[in-house]
Amino acid sequence: MKTLAYLATLIATTLSLAGAAQEQAPEPDTRPGVVKDYGDFDLDQWVYDEKRVAVGWSEKFPNANELVQTRGMGTAAYPRDLQFRDGAIECDMAGGAYLGISFRIREVDGERLSEDVYFRISGNQRPQTVQYYPHGTLKQEELHRPPYERPIRLIEQDEWFHVRIEVQGRQARVFLDDSRDPVQVIEDLMHDHADGSVGVRSWGGRFANLKVTLTEPADNP
């Protein structure tokens, strides 16, 4: 009888402790996703135009590389194995008639489709603007109006500036320099596909410190 009483007490104690442990279970980890650093611009792993893209040491950022796109036709460069849906993209950039970021890049029937955000700087026909452009769909001039085109501060030729783009579902928020307020908010990204690579695009731009943070999609249960 003593043995049975002991076992009953042991079981009750174990169940009680298990319930307490369940009640005190840690909260789910909600920290941002892992940051993928593409600042080395390892072109062996990239898709790019060899005639218009080069990589070298940066004078602006010690111990960092720069990706340089020569002037001429607009060109893009991006890692071939990256699948970005939601998250954040950060990069430093300078120079070029326009320069910016392409994301959710996907090749369809030999055509590159992507969501593009680029900046027009001093010397451009439409300086002091940031432009959203769904590459492969509409013409740029069809989007020369809010919210697709917005005014920004004047960026001088060869001036380095920092860009951060936060993407969640069909929304993209664009930040310039270290501002906490976006210079542009796109509420309805126009492409149907929801993921793809991330890269840089310009007419003669220079890029450094490209980092991509992946997060869980907004429509995950």
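The values are calculated or read from the model by the stated rules, or taken from the named source; none is laboratory data. Worth saying up front: this structure is predicted, and the values here are computed from it rather than measured. Backbone-built Cβ (ideal geometry, glycine too); neighbour counts: all protein chains shown. Just so you know, the surface numbers come from the protein's heavy atoms only, side chains and all, with ligands and any DNA or RNA stripped out. Shrake-Rupley method; radii C 1.70, N 1.55, O 1.52, S 1.80 Å.
In the set Asp116, Asp109, Asp177, which member is surrounded by fewer than 18 Cβ atoms within 10 Å (Cβ to Cβ), under 27 Å from Leu82 (Cα atoms), in contact with a strand residue (DSSP E or B) (Cβ under 6 Å, 6 or more places away or on another chain) and among the acidic types (Asp, Glu)?
Asp177
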Residues that are among the aliphatic types (A, V, I, L, M), part of a strand (DSSP E or B) and in contact with a Leu (Cβ under 9 Å, 6 or more places away or on another chain), drawn from the range 109-133: Val130
Selected residue (criterion: surrounded by the most Cβ atoms within 10 Å (Cβ to Cβ)) from residues of the range 41-97 that are farther than 27 Å from Gln171 by Cα and touching a Ser or Thr at 6+ places or on another chain (Cβ under 7 Å): Gln69
Qualifying position, being in contact (Cβ under 8 Å) with a residue 60 or more places away in the chain and either aliphatic (A, V, I, L, M) or at positive phi (or both), among Leu154, Leu176, Leu214, Leu143: Leu214
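Output the residue which, of all residues in the range 144-174 that are of a type in the set (S, T, N, Q) and outside any loop (DSSP other than H, G, I, E, B), is most open to solvent (accessible area, probe 1.4 Å).
Checking each candidate, the answer is Gln168.
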